[in-house]
């Protein structure tokens, strides 16, 4: 894989993470989470696509279609999982006497 291909993949996966952050909102910590999820999902999808022989949306040596699907899956699942813990902290359960802790 050539350097321009790698840079294009980094640019595209970063755009997916940043675009998801613009859509869902949040703090700088969530932006970092979305960028990392976008990178991991894109390169995971690219690798999975080439190893399985799927060249959906290939641009040169970069499997953009599978990378996009991987990034979308990682972003959606990662956002869902990250919000589960946040909701539990926001509304703590009552203690045995029925009052909030």
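Where a number appears in this text, it was derived from the coordinates with a stated rule and is not lab data. Note that the structure is a prediction, hence the values are computed from the model and not measured. As a convention, Cβ positions derive from the backbone with ideal geometry for all residues, glycine included, and neighbour counts pool all protein chains shown.
By its C-alpha gyration tensor, with a ≥ b ≥ c as the square roots of the eigenvalues, how is segment 3-86 shaped: rounded for a/c under 1.5, else prolate for a/b larger than b/c, else oblate?
Numbers: a/c = 2.87, a/b = 1.79, b/c = 1.61.
Because a/c hits 1.5 or more and a/b exceeds b/c, segment 3-86 counts as prolate.
Only counting other Cβ atoms within 10 Å, I'd like 81, 36 sorted with the fewest neighbours first. Write out the running numbers ahead of the final one.
Numbers: 81 10, 36 14.
Ordered by Cβ neighbours within 10 Å, fewest first: 81, 36.
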